[in-house]
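Please read the structure below before turning to the comments.
Each reported figure results from applying straightforward, stated rules to the coordinates on display, with no laboratory input. It should be emphasised that the depicted structure is a prediction, and the values quoted were computed from it without experimental measurement. In this analysis, Cβ positions are derived from the backbone assuming ideal geometry, glycine residues included, and neighbour counts consider all displayed protein chains.
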Amino acid sequence: MADQFFFVTLEPSLTNPQQFAEYACNAEALLQQLYPPYSGYRVQSLKPELEKTVQWRVSVWHGWSSGVLLEITPDRKMPHIARVSLEWHSRVKELVNTIMTKLGAVLMLIYLAVGIFFGRLLILLIASIPFVLVYAAFSVLTRYLVAKLVATVAGDSFNDGRRAELLDRLRQVPAPKAPSTQPLATASFAGNVG
C-alpha cells in the first residue's frame, strides 16, 4: 500500500520553517476537528523520526488497530517545497516494530557473544551482514502483516478511500503567506513643542 501525498509550495523565504510549522498546526487543528476525542480518536503531534531533521508529524489514532500518520517534510534542495504524506498507521504496528527492534538487538548481542568465543571478530562481523539484512526484511514484513491482520479483525477506520478523502481535505488547508517585506511607516516622536 503506497503512501498518498501532495506538495505544498511557499514563496522562498527565510521564514519557511515557521510557515511550515504554522501549516502543520493548521492541519492538526483540522484533524482535531474532524476526529474529536469523544468519538474515540486521538490526534497527537509527534517528534521527527531523526533528531536533526526538519519535519512535522501528526498521528490520528482510533484504538489500537487503525490510524493515519501525517508527515510534512521540506525538500532539502528546495526548502520552500514540502511533501505532505498520509500513510496508514496503527499502535499495533508501532508495538510490533518496538518488539522486533529489541528482539533483533538481543539476537545480535547473543550472536556476537557466542561468536567471540568460537571465531574471529572480523569474520563474525562480515558474516553478520546477511543476518542483519534477512532479519530487517523479516521484521518489516512481520510488522506489516501483524498490524494489517489486527486491523482486519478489529476494524480499520482508515481504509484507502477514507485516506484519499482526508488527503483532499488536507489539500484545502491554505498555505501560510510570507510576512510582508514592505518598509514600516516611520513615525516622528518629536513630542509637543510649546
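Within straight-line reach of K177, meaning a Cα separation under 28 Å, sit the following lysines at least 8 residues removed in sequence or on another chain: K47, K52, K77.
Per residue, the average separation of C-alpha pairs within less than 8 Å and at least 6 apart gives the chain a relative contact order of 27 percent.
Going through (1) 18.8; (2) 20.3; (3) 30.4, the figure that equals Kirkwood radius over Cα pairs in Å as computed for the structure here is (2).
Peptides 19-30, 85-96 ranked from most to least packed give 85-96, 19-30, packing being the mean of other C-beta atoms within 10 angstrom over each peptide's residues. A Gaussian network model of the chain, with springs between Cα atoms under 10 Å, assigns the largest mean-square fluctuation among A105, A82, A154 to A105.
Computed over the chain, the per-residue total of -39500 (n - 2.57) for DSSP H runs of n ≥ 4 gives a 222 nm mean residue ellipticity of -17000 deg cm²/dmol, rounded to 500.
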